[in-house]
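What follows is a set of notes on a single structure, which appears directly below.
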Amino acid sequence: MDQIIVRGGHTLNGEIQISGAKNAGLPLMAACLLTSEPLTLTNLPDLADIASMAGVLESFGVDVYRNGGDGPHSTCRMHVPTITETTAPYDLVRKMRASVLVLGPLLARAGHARVSLPGGCAIGTRPVDLHLKAMAALGAEITLEEGYIEARTPKGGLVGGHIVFPFVTVGGTENALMAATLATGETVISNAAREPEITDLANCLIAMGANIDGVGTGTLKVQGVASLHGAQYAVVPDRIETGSYAVAAAITGGTLKLKGTRLELIESLADILKECGVDIIEGDDGDSLTVSRVNGRIRGVDIMTEPYPGFPTDMQAQLMALMATANGASMITESIFENRFMHVPELCRMGANINVHGSSAIVRGVDKLSPAQVMATDLRASVSLVLAALAAEGESVISRVYHLDRGYECLPEKLSACGAQIERVSGR
């Protein structure tokens, strides 16, 4: 397996182009199943998860074409005049739990879906029961057989209904929203997730002819239509990648200009970083951010992860790496996933002083981190180790970096261009 070697202790300065959001791109790709006309996405990142979703879609008969461009110039055209298969097999779905997002579109257009129960990162229980209850609320008949979700619509297709989520679910909201676009009548989705990726999906569906009200709020109202048409749509910038590189600037004491992103996408994170002593300036064009550490060491602050617009769980590991270098102590509370402190032992190998008590971690900042050999456990944990290694003087070796391939496009190259000494090598 490949490893990443970081020779830390260098200040980062320069510009980084932020890619399109993986967490927006995946449901947008699944939305191509809702129409017989082509859906073209621009600014779609080149990531392992995107390739996995493309493989799932191709198994249904989708023609997927990518132009090979990068960043804003990338184009992915997906066209499925006829859905030829409605089974998403285990071998494809096990690689990525977001594959379950094909459930709603397949049901809505084909009337049947057989989807393997998903896999993904080992960061805690992420059941799909809310997805299934949402489909049932639209009239689908659902059974679980031999590790597969077997779902069928009644004669005449899905029927609008009232979907009430007992707690916020991003994937459940996305599946419900896509399925409702082709259901007969009105669907109301209560306690819907409000993440920018949900708004992005809703706006794309509207561009395809869907009738959706309440975009950006906790209540979505969808008037079903007979069919959707094709469209061209640009994927929203990746707010988690934006935040990760903002932390890179802060943890190394440098200045990074993050291009192709917006402050509104990271407001809760920006508030925390400013409280820590980080300066964030939005460009006059509204399409860039300049991030720098203002004076001396970062100050310790308390953080709790919450559904959007609260502090994102996908930035918890990165902020923990930053707090490990802070002046003072901080408490980080994880309220979304129960197993998302698996990076703590690895950070401690690098000299961090962290004690976990249930769903909270007490982080006491140290003067400096030490280089070490560490192992990534999941996507966001892997980038937290890269960030810690950037701050540690000496050579760190990070294993299991295939996690990074799922969510960060060209990370070593982007950091190297700003002064980091980082390289990817074959396992040794």
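So that you can scan it fast, the table gives a plain yes or no per residue for (1) among the acidic types (Asp, Glu); (2) touching a strand residue (DSSP E or B) at 6+ places or on another chain (Cβ under 9 Å); (3) crowded, with 24+ Cβ neighbours inside 10 Å:
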| site | (1), (2), (3) |
| --- | --- |
| VAL383 | no, no, yes |
| ALA389 | no, yes, yes |
| ILE398 | no, yes, yes |
| ARG406 | no, no, no |
| LEU411 | no, yes, yes |
| LEU415 | no, yes, yes |
| ILE422 | no, yes, no |
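Grab the helices (runs of 4 or more DSSP H) fully contained in the range 81-200, keeping just those with 1 or more residues being modelled with pLDDT of 95 or more.
By residue number, 103-110, 129-137, 170-180.
Say whether the condition of being surrounded by fewer than 18 Cβ atoms within 10 Å (Cβ to Cβ), within 23 Å of ALA183 (Cβ to Cβ) and over 20 Å from the mean Cα position of the chain (by Cα) is met by at least one residue in the range 86-101.
yes
When residues of the range 336-379 are filtered for being assigned to a loop (DSSP other than H, G, I, E, B), within 27 Å of the chain's Cα centre (by Cα) and crowded, with 16+ Cβ neighbours inside 10 Å, how many remain?
Number satisfying all stated conditions: 12.
I'm trying to understand the selection: among the residues of the range 320-335, which are surrounded by 21 or more Cβ atoms within 10 Å (Cβ to Cβ), of a type outside the set (Gly, Ala, Ser) and in contact with a strand residue (DSSP E or B) (Cβ under 6 Å, 6 or more places away or on another chain)?
Hits for the range 320-335 are MET320, MET323, ILE332, GLU334.
Among residues belonging to the range 244-287 that are among the β-branched types (Val, Ile, Thr) and free of Cβ contacts under 8 Å to residues at least 40 places away in the same chain, point out the one that is surrounded by the fewest Cβ atoms within 10 Å (Cβ to Cβ).
ILE281
Being of a type outside the set (A, V, I, L, M) and surrounded by 24 or more Cβ atoms within 10 Å (Cβ to Cβ) is the filter here; which residues of the range 6-22 pass it?
Within the range 6-22, GLY8, SER19, GLY20, LYS22 meet the criteria.
Can you say whether ARG428 is open to solvent by 10 Å² or more (accessible area, probe 1.4 Å), more than 23 Å from the chain's Cα centre (by Cα) and either among the aromatic types (Phe, Trp, Tyr) or at pLDDT below 95 (or both), as far as the supplied structure shows?
The answer is yes for ARG428.
Only residues that are in a loop (DSSP other than H, G, I, E, B), more than 20 Å from VAL225 (Cβ to Cβ) and either open to solvent by 50 Å² or more (accessible area, probe 1.4 Å) or of a type outside the set (S, T, N, Q) (or both): list them for the range 70-80, please.
ASP70
Restricting to the range 295-307, name every residue that is of a type outside the set (Asp, Glu), open to solvent by 30 Å² or more (accessible area, probe 1.4 Å) and modelled with pLDDT of 95 or more.
Across the range 295-307, the qualifying residues are ARG299, MET304.
Between residues in the range 360-374 that are closer than 22 Å to ILE332 by Cα and residues that are charged (D, E, K, R) and surrounded by 15 or more Cβ atoms within 10 Å (Cβ to Cβ), which pairs lie under 8 Å by C-beta distance while being six or more apart or on different chains?
Note: pairs meeting the criteria are SER360/GLU334; ALA361/GLU334; GLY365/ARG297; VAL374/GLU346; VAL374/ARG349.
Residues THR143, THR169, THR184: which one is closer than 23 Å to LEU26 by Cα, among the polar types (S, T, N, Q) and either open to solvent by 10 Å² or more (accessible area, probe 1.4 Å) or free of Cβ contacts under 8 Å to residues at least 40 places away in the same chain (or both)?
Result: THR169 is the single residue among THR143, THR169, THR184 that is closer than 23 Å to LEU26 by Cα, among the polar types (S, T, N, Q) and either open to solvent by 10 Å² or more (accessible area, probe 1.4 Å) or free of Cβ contacts under 8 Å to residues at least 40 places away in the same chain (or both).
The values are calculated or read from the model by the stated rules, or taken from the named source; none is laboratory data. Computed from a predicted model, the values in this text were never measured in an experiment. Please note: Cβ atoms are built from the backbone with ideal geometry, for glycine as well, and neighbour counts cover all protein chains shown. Ligands, DNA and RNA are excluded from the accessible area calculation, which covers all protein heavy atoms including side chains. Shrake-Rupley method; radii C 1.70, N 1.55, O 1.52, S 1.80 Å.
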